[in-house]
Structures are given as structure tokens and as C-alpha cells.
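Written below as C-alpha cells is the structure these notes are about.
The values are calculated or read from the model by the stated rules, or taken from the named source; none is laboratory data. Keep in mind that this is a model prediction, so the values were computed, not measured. Cβ atoms come from the backbone with ideal geometry, glycine included; neighbour counts cover every protein chain shown. Quick note on the areas: whole protein, heavy atoms, side chains included, nothing else; ligands and nucleic acids left out. Shrake-Rupley method; radii C 1.70, N 1.55, O 1.52, S 1.80 Å.
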Amino acid sequence: MRAPFIFRFREPLAGLPSLVVLLALVLAGVQQTTRLMRHEDPKPVQIALFEEAPPAPKVQTPPPPEPPKKVEPPKPVVKPAPAPPPKPAPKNDPAPIEQVRPAPETPVMQTPQPAAHTAPPAPAPTPAPAPQPVAQPAPPPSTADIESQYVGKLRAHLNSIKRYPSGREVSQLRPKGTVRVWFVLKRDGSVVDVGIDASSNSMPLDDAARKTINRATFAGFPDGAFNGEATHRFTADLEFIPA
């Protein structure tokens, strides 16, 4: 019959408690050594970097001022003494001169001659006044000049009041072009009819040209222009450019 397992290893098992105690003592000693060797400083160590201050600039002392120079007083100017006036030369008294009186002359009798009759001088002719130019009145302006000036004022007025159209389509496409528009006016300047003579291939620009004519205020026909006409047809080119 075989012996139990514990009985066979009874001797090693008998020394097992001592081995456990020894191992516990060794572990306790190692932990105590680790605690003794580990030392932590609770205060944090602050490391600060200090920049060295630049050296103080050297102060240059100004040189001592030079002593003031002595100013010598001006020397008095000695004026030369005036020279004595020259003595007058002695006068030599000339010998008296005897005055010789001329002998009296005998008068000569002259016979009087008759005076010649001289004609009085003729008066100088008076110059005739120059003829002055006569101011002529300026010629009246021709009918063609009056009509051309009136048409120029109409076109300038339309270009000053035209406005670029607004809208979503216009803001996206931003068309530009020139519209030739025609309009009929009465003699008092009122609009009778309006239309497009040459399109700009853009409907918003054509509509803007028509609105410009309807919004405009035209002056009446001047005197002498378009005689015999109750109405007259005009044309104007309106150019639209997006801003």
C-alpha cells in the first residue's frame, strides 16, 4: 500500500513555514530600504532664467569750455591836422591906363524908301473829318442753325436723364449697348409718340430708352424752326453701360 503524498514530503513541508517567514522578512527589509533611499522634496524647485542686463552706456563728459578771449578795445583814430590855407599872392598894382575917347561921328542922312505892299498869307486848308464806319446789324441766324441747336439740346437732355435699368436679369447678364430711339414732339414740346429705331438686342435696355423719352421734359420749338409743321420727328442714340 502506497503512503499518502503529504507523508512522503513531510520533511520539506516542515521547513516551509520557516521559509515563508524568512521570505517575508527579506521583503520587509527590501521595502524599508527602498523607503529610506527614496526621498522626495515636497517643495517644488523653480528654475528661472535671468537675462543679463546690458552694460550701462558710457557717459562722455563734455570738454571744459574754452576761456573767453580778451577783446581788445579799438584804437582811437587820429585825424591829421588840417593844412593851413595858402597865402594869397601879392598883387602888383598896374599903372593907370588913360582912356582915349573916340572922335564924334557925323550923322548920315538916309532917304526913306516906300514900303512894299505885301499880301496877307492865305489860311491853311482845314482837313476834312474821316468818315466813321457805320455799325451794321448782325445777320439773323439761319433756320438750319436754329434747328440744329435745338436738336443738340434735346439729345444732351436725354443723355443727362437716362438711367441704367435694374432687375435680377440685368444684374446677372449686365448687358450694354446703344439704342436709337425716335419720338414725335408737338410745337409746345409735348410727346406724341415714341418707338425704337435700332434695337440694342436687349429688351431691358430698349425699355429703359422708352422710359427716358416719357420721363423727359422738352422745351417748345424756337421761333423760326420747323416752320409750317405742327409736329416733328426726332431721333437720339442712347448708350447704356453698366456701372
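Can you order the peptides 16-23, 205-212 by their average number of other Cβ atoms within 10 Å per residue, highest first?
Descending mean neighbour count gives 205-212, 16-23.
Taking 7 Å along the Cα-to-C-beta vector as the label spot, tell me the Phe226-Thr178 distance in nanometres, rounded to one decimal.
2.3
Accessible surface of Lys153 in the full protein assembly, 1.4 angstrom probe, to the nearest 10 Å²?
The accessible area comes out at roughly 150 Å².
Past the 18 angstrom mark, what percentage of all C-alpha to C-alpha distances in the range 139-243 do you count?
So the portion of pairs separated by more than 18 Å is 50 percent.
In Å², and per residue, what accessible area does the range 197-243 have when probed at 1.4 Å with the other protein chains present?
56
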